[in-house]
Amino acid sequence: MRRIISILVENEPGALSRIAGLFSARGYNIESLTVAPTEDDSLSRMTIVTHGSEQIIEQITKQLNKLIDVVRLLDLTEGRHIERELLLLKVIATGPDREEIKRLVDIFRGRIIDVDGETYTIELTGPGDKLNAFLDTIPSSGIVEVVRSGVSGIARGERALKI
Amino acid sequence: MELTGAEIVVRSLKDEGVDLVFGYPGGAALHIYDAFYSQEDVRHILVRHEQAATHAADGYARATGKPGVVLVTSGPGVTNTITGIATAYMDSIPMVVLAGQVPTHLIGDDAFQEVDTVGITRPCVKHNFLVRDVKDLATTIKKAFYIANTGRPGPVVVDIPKDVTALRTEYSYPKEIRMRSYAPVSRGHSKQINRAAHLLLAAKRPIIYTGGGIVLSDAARQLTALVDKLDYPCTNTLMGLGGLPSDHPRFLGMLGMHGTYEANMAMYESDVMLAVGVRFDDRVTGDLAKFSPNAKIIHIDIDPASIGKNVRVEVPIVGDATTVLDQLLEAIGSSGTSPNGDALAAWWSQIEEWKGKESLRYDSSDELIKPQFVVQKLHEVTLGDAYVTSDVGQHQMWAAQYYGFNKPRRWINSGGLGTMGFGLPSAMGVQLAHPESSVACVTGEASIMMCIQELSTCKQYGLPIKVVNLNNRYMGMVRQWQEFFYDSRYSHSYMDSLPDFVELASSFGHTGIQIDKPGDVEGALRDAFARKDQLVFLDFITDQSENVYPMISAGAGHNEMVLKPSDSGTKPLERELA
């Protein structure tokens, strides 16, 4: 079961290593992890994408809540939510591919944000599976560099993670 | 009032009500040690190795319920404390470790005696802090004590750079602390309490299974009241011994790998289990697939993460054991229902049949000293009222099985981490906390060597500990497993070149006695405990071939106990895989 867990943590040095350390010490999976400041200077927000059985996910949320620096936690996947990830992709764009890639970017509603004679640099946001679908259309021999931000997410409607 | 950081450390300890600190000085901690020099409010005990400081503070905490306090220097001072911190962490013991650190401008430079203390201790502490500003020092120390001693207790490390201890600031120690990210609950959810009461009263084959949480929460009175009210059988984990008096008629003894037959069988056959302050550890449950197959489980614990971690729970209750048991007693009292008398009578007669196996019986000898016999005599001589610390191995299991603890906080051992070397230093902490009480360290010749240097600390502070060394010239538990699971290939479990313990004790200024005849055991113990002001090292030369029974092999179920050597026959038990 894939889960997206959002966490508000005290903005203290070492908070990230406590969370990463918890996952490695207990053998939990991390698919992606993002950290960034919030509107409140004293808090950071982390978003973790993980996999596990229901029992493992319950342990993960309990163990995270037990960390002293964790202020609040929300399993976004328990309710309606929006998931977004940013992809920056550098591809070789020469010959007939140059036009074809441009068309694919338009179909996926991405943008070409840098161009030179040999390459395109593409920006695309969306849920992880959309980014995967886009990457599947690009021949792997043409890919120079893939940069993914990891997942960010927010609950729909009135549900919110805040203190 | 303006104070230096070092003075703030000492004043904070005083204002926190700390009477004892166990420590060892060094460069980064010298300002703090200087502040200790000119005051008498907080007593400092100088150990001979930082590991011993943590074990001593741990023993003090277990015996008193107050957090143990440690003061060490940076680098090796800190790394030496890791075993002791991890020991306290695994057994949920409140402890505050204050560590010197290199000055802030040198942090990260690989400076002399620098380690990343916060990083290296992180996996084995409840929480830790690095104090970068002297203005935060007093508040951080307050937070450390608050975190260490509330909720599920545990060790907290405060890393203090040397320059922070030199700077001055206005001192005020917070009376109370509130943290938005940490607010442990103590009261159980009333709906769950009522469900638990209902389930318990409907039980036909109930079992009450309790652990260290009863001791830590000082809930022994509530537990005894509950057992008396319901007349249900009760078993304690290794960490929970003394939670119910061992001579209580409803006590089935310890459960688990070396628990009694009746305790383990009652767990296996139970239909309702009340688990309090336990964490379903693998040494207790055996194979989880075979664990109490028909039991509906009520689990009371202060740590939500302990509930549902290893077994499926019917009624989870998060809260402090004392408070929740009070609530449960009230709910049972007001339910207007009483236990099912007929079913209970049948259950008790089944349990009596299991007791008939006499799983703790051992063959006595006139020639060789049986280690179990020494522990039984220790109980007699101390009237079952001593504080008993232990190291780890066979002697630890025999102490747990045969001493018979009637009060909580009397049995002090490293249950979770299984730390050899714990016994003697923890006994120092216990003896300092209770100077007038009898303190025995039941140990083995392998374990005692791991912190033997502390005999020097015992001399300096006049600690009249009685060391009960069950000397079988083997790492007994290792030898036992090698006998069972490795066709008696005793790879490196033989203790060659042992010291003469009598001479060794005497060279540290203590009394040593060697005993090699069963007939001399009681006399030697009486002699030792009569010497109220002396540490006596009793070196009992015991039967080398004795093994700890009964036993559940790792990976087996509670109903698959081996009671006696003959049970396993010549066919070795399944090779340990876990």
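None of the figures in this text is laboratory data; all of them are computed from the coordinates on show. Quantities reported herein were computed from a predicted structural model and do not represent experimental measurements. Backbone-built Cβ (ideal geometry, glycine too); neighbour counts: all protein chains shown.
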Residues B:CYS124, B:CYS234 arranged by fewest to most Cβ contacts within 10 Å:
B:CYS124, B:CYS234
With viscosity set to 1.306 mPa s and temperature to 10 °C, compute the Stokes-Einstein D of segment A:82-152, Rh being the Kirkwood radius across alpha carbon pairs; µm²/s, no decimals.
132 µm²/s
Around B:THR511, which amide H atoms from residues at least 5 apart in sequence, or from another chain, sit under 5 Å from its own amide H, with H modelled in the peptide plane?
B:LEU535, B:PHE537
What number, in percent, do you get for the relative contact order of chain A if the mean sequence gap of Cα pairs under 8 Å and at least 6 apart is divided by its residue count?
28 percent
May I ask for the net charge around A:ARG45, where only other residues with Cβ less than 12 Å from the Cβ of A:ARG45 are counted and Lys, Arg are +1 while Asp, Glu are -1?
-1
Give me the Å³ per residue figure for the convex hull around the C-alpha atoms of segment B:63-118.
79 Å³
For chain B, what does the relative contact order come out to in percent, with C-alpha contacts under 8 Å and a separation of six or more?
14 percent
Strictly greater than 17 Å: what percent of every Cα pair in segment B:20-64 meets that?
36 percent
Can you work out the FRET efficiency for the pair B:LYS564 and B:LEU498, with r the C-beta to C-beta distance and R0 = 45 Å, to the nearest 0.05?
0.90
For a footprinting-style exposure proxy, rank B:ASP533, B:ASP500 by other Cβ within 10 Å, fewest first.
B:ASP533, B:ASP500
By the Cα gyration tensor axes a ≥ b ≥ c (a/c under 1.5 gives rounded; else a/b larger than b/c gives prolate, otherwise oblate), the shape of the protein assembly as shown is prolate
Using the Cβ atoms and a cut-off under 12 Å, what net charge is assigned to the surroundings of B:LEU368, where Lys and Arg are +1 and Asp and Glu are -1?
-4
With a sphere of radius 15 Å drawn around the Cβ of A:ASN65, what net charge do the other residues whose Cβ falls strictly inside it have (Lys, Arg +1; Asp, Glu -1)?
+3
Report the residues of segment B:294-312 in range of a label on B:SER186: point 7 Å along Cα→C-beta, backbone N strictly under 19 Å from it.
B:300-304
Over segment A:2-79, what is the mean sequence separation of C-alpha contacts under 8 Å (at least six apart), divided by residue count, expressed as relative contact order in percent?
47 percent
Can you give me the long-range amide H partners of B:ILE297? Hydrogens built in the peptide plane at 1.01 Å from N, cutoff under 5 Å, separation of 5 or more residues or another chain.
B:MET273, B:GLU314, B:VAL315
FRET efficiency, A:LEU86 to A:SER24 (Cβ-Cβ, R0 25 Å, nearest 0.05)
0.45
Virtual spin-label span in nm between B:TYR461 and A:LEU135, 7 Å along Cα→Cβ:
5.9 nm
From the Cα gyration tensor of chain B, with a ≥ b ≥ c the square roots of its eigenvalues, which class applies: rounded if a/c is under 1.5, or else prolate if a/b is larger than b/c, or else oblate?
oblate
Modelling each spin label as a point 7 Å along the Cα-to-Cβ direction, I'd like the B:ALA225/A:SER17 distance in nm, to one decimal.
4.7 nm
Spin-label model distance (nm) - B:TYR37 vs B:ASN294, 7 Å beyond Cα toward Cβ
7.2 nm
Give, in whole angstrom and from largest to smallest, the semi-axes √(5λ) of the equivalent ellipsoid of segment B:401-543, with λ running over the eigenvalues of the Cα gyration tensor.
25, 18, 15
Straight-line reach from A:LYS102: which lysines have Cα under 24 Å away, leaving out those fewer than 8 places along the same chain?
A:LYS90, A:LYS130
Could you compute how fast segment B:254-311 diffuses translationally, taking Rh as the Kirkwood radius over C-alpha pairs and applying Stokes-Einstein at 4 °C with viscosity 1.567 mPa s? Give it in µm² per second.
111 µm²/s
Which percent of Cα pairs goes in each bin when the distances of segment A:27-112 are cut into 5 angstrom slices starting at zero?
3, 9, 16, 18, 13, 10, 9, 9, 7, 5, 1, 0
Between A:HIS81 and residues 5 or more places away or on another chain, the pairs with built amide H atoms under 5 Å apart involve A:ARG156
Over 19 Å, how big is the tail of the calculated P(r) for segment B:66-161, in percent of all Cα pairs?
35 percent
FRET E, pair A:MET1, B:GLU352, Förster distance 41 Å, beta-carbon r, rounded to 0.05:
0.30
Give me the Kirkwood hydrodynamic radius of segment B:384-443 in Å, from all C-alpha pairs, to one decimal place?
11.3 Å
Considering the Cα trace of chain A, what is its radius of gyration and what is Dmax, both in angstroms?
18.5, 57
Output the pairs from B:LYS370/B:LYS459; A:LYS66/B:LYS143; A:LYS162/B:LYS191; B:LYS191/B:LYS296; B:LYS355/B:LYS564; B:LYS14/B:LYS66 with a Cα-Cα distance over 20 Å in this structure; if there are none, say none.
B:LYS370/B:LYS459; A:LYS162/B:LYS191
Rounded to the nearest whole number, the Stokes-Einstein translational diffusion coefficient of segment B:244-373 at 20 °C and 1.002 mPa s (Kirkwood radius, C-alpha pairs) in µm²/s is 127 µm²/s
